[in-house]
Amino acid sequence: MNKNQNAGPEKKQPQIPKLLFIVVICANLALCVFHVAYSPFDYDELEHTHIVWNAVNGKIIYRDFFDNHGPVFPMINTMIFRLFELKPAFDTIFKLRYVSLITALAILAVTYKIGKDVIGNDAGGLLSTAFLSSLVFFQDKACEIRPDGIQTVFWLLGTYQILCSFGRENRQRMFLAGLAYGMAISTNAKAAVGPAIVLALFGTGYLLKKTKHAFTLSSILSIASGMALVFTTFLVYFLAKNAAGNYIFYNFTFNLMALNAYQTWLFPVYLRFFLRGQAIFTAFSVLGGYFLVKSQKPAFKGLFFTATAFSMAATAVIGFYSQYFLLFLPLLSVTAAYGLLRGMDYLCRTQMKKILLITLVFSTLTYIAAQNTPFEATSKLLEQENTTDYILANTARNEPVAMVLWNDCGGYMFNEDLQYFWHDTEDLSRIFRKIEGHEVFGENYIKALETQRIRFLVVRSLDEYGGLNGYITRNYRLTQVPCVWARIDSNQTVH
């Protein structure tokens, strides 16, 4: 695409040393490596490791065990697990993290392409990538074992295809965008908010007759048909696996039900963090969005991109979890880059002043990121290692290990499940109860523990949970290993 079709801060390529941006990006990627090596594993990471282990052993997601995420992430990691012949071990979890680090690099690469396209030059692309790489939430969540990274790659790839079609309609690119969006949603259903916003903007543009080279009915249909092809493919696959009904219910319907189940509203915490800890990024994002709206080259491209970015960011009001930010932080990084470039036009008349301003901005952001980076193994990470090693050493891989309430203790990832709903949370227990018609971790669960003579439980806390806690304290004892409860000898068991 020609530069005169893009919303660029200036016609001439800004004379800013590319090495400066590369140093910033590399410094922040080094911090990401420390996160991979030393951050304790999040609840979700242990959960997704277990899901991959189930799939590696031939189980079908949704049919044989519960999950409410899309099938793409476990399918990809299952192929990696088998390709590299990974073994059940604590070190294997770190290897899966390094796979996520590669995904984070892919996010940065596509962000560069989007930034270059929207801003109109290499400096814009590199500056967008530098902003994203220096954000605390990106470093923390993009390198974790979770589907959010892969979904973000697909979401960005689809958006990039659409941006490349502005100024000259390209149905093939729109169809590819639909394929990418379909893959994003099939990785994680919450990614649907992005394509929904894009289609809403295209629909609005079409109704307002802003159809020249962009908001056409054929573009909308091309995007929709690409998404439909992906959904149909997965539906046929799960139909062949006798899991189509569960695929639709747990991947889509269940997550709609879950929207009303979460009880913790974290938005005030996040807002305070971005207004304080990430104030520089927030300010330049807003400034860049303002200038992009005013820059209409080609027509409505800046407005479309800014509306998409800030509409996505507005979903943070829902206040779920910080990994949700991965969907819109790359887009806001582009607006921040544009804001900084335009700001330099007004504030910096010389080359040296521009370099000093960029150095100040990114040294501050990198310092804040470093303050949130572990540089040695935490006590929780060591606890997770001890728990996992103990379970691996004392059980066979086909032996069920019960995880009572969702926790971050570890240990259970490479063992069989006790039942279909293999974990529970306070937020989701009401949905499980509605589905099953009874308490999932109630009398039936106790009966399964007793009938199968489950030897080990992984329990973070014995807070009151119906009659289950009483059963545990009568029939199990806490070992010297954190979170691991072992069944008392049968002749001492109290029923």
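Listing for the model above:
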{"read-out": "Cysteines, the chain, no other Cys beta-carbon under 4.7 Å", "value": "26, 32, 143, 164, 348"}
{"read-out": "About the Cα centre, charge dipole magnitude for the chain (Lys/Arg +1, Asp/Glu -1 at Cβ), debye", "value": "2480 debye"}
{"read-out": "3J(HN,Hα) from dihedral phi, region 139-147, Karplus parametrisation 6.51/-1.76/1.60, rounded to Hz, x for glycine, proline", "value": "4, 6, 9, 5, 9, 8, 7, 7, x"}
{"read-out": "Of 116/294; 141/380; 95/241, those spanning more than 25 Å from alpha-carbon to alpha-carbon", "value": "95/241"}
{"read-out": "Residue 83-residue 290 pseudo-label distance in nm [points 7 Å out on the Cα-to-Cβ vector]", "value": "4.7 nm"}
{"read-out": "Taking the convex hull of Cα positions in region 82-122, its mean projected area over all directions (nm²)", "value": "3.7 nm²"}
{"read-out": "Distant-in-sequence amide H partners of residue 144 (H built 1.01 Å from N, under 5 Å)", "value": "none"}
{"read-out": "Helix 122-133 vs. the chain, principal-axis angle (Cα, 0 to 90°, nearest 10)", "value": "30 degrees"}
{"read-out": "Using alpha-carbon coordinates, inclination of helix 148-163 to the longest axis of the chain, degrees", "value": "20 degrees"}
{"read-out": "Mean residue ellipticity (222 nm) of the chain, computed from DSSP H runs ≥ 4 via -39,500 (n - 2.57), nearest 500", "value": "-19500 deg cm²/dmol"}
{"read-out": "Among 23, 355, 282 the positive-end extreme of the charge dipole of region 3-371 (Cβ point charges)", "value": "355"}
{"read-out": "Percent of beta bridges antiparallel (DSSP, the chain, rounded to nearest 5)", "value": "55 percent"}
{"read-out": "Tilt relative to the chain, helix 43-56 - C-alpha long axis, 0 to 90 degrees, to 10", "value": "70 degrees"}
{"read-out": "Length released on extending from residue 196 to residue 477, taking residue separation times 0.36 nm less the Cα-Cα span", "value": "96.1 nm"}
{"read-out": "In nm, spacing of pseudo-spin labels at residue 257 and residue 486 (7 Å Cα→C-beta vector)", "value": "3.9 nm"}
{"read-out": "Additional length obtainable on full extension of the chain from residue 237 to residue 33, 0.36 nm per residue less Cα span", "value": "69.8 nm"}
{"read-out": "Cβ-derived FRET efficiency at R0 35 Å, residue 98 paired with residue 209, nearest 0.05", "value": "0.10"}
{"read-out": "Gain upon complete extension [residue 420, residue 269; 0.36 nm per residue less C-alpha separation]", "value": "50.9 nm"}
{"read-out": "Ranking of 352, 413, 344 by count of other Cβ atoms within 10 Å, fewest first", "value": "352, 344, 413"}
{"read-out": "Percentage, to the nearest whole number, of Cα pairs in region 350-495 over 18 Å apart", "value": "64 percent"}
{"read-out": "Euclidean distance between Cα centres, region 58-119 to region 429-470, Å", "value": "31 Å"}
{"read-out": "Length-normalised contact order of the chain in % [C-alpha pairs under 8 Å, at least 6 apart]", "value": "20 percent"}
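Readers should treat all values here as calculations from the given coordinates under stated rules, not as data from a laboratory. Predicted model, so just to flag it, every value in this text is computed and none were measured. As a convention, Cβ positions derive from the backbone with ideal geometry for all residues, glycine included, and neighbour counts pool all protein chains shown.
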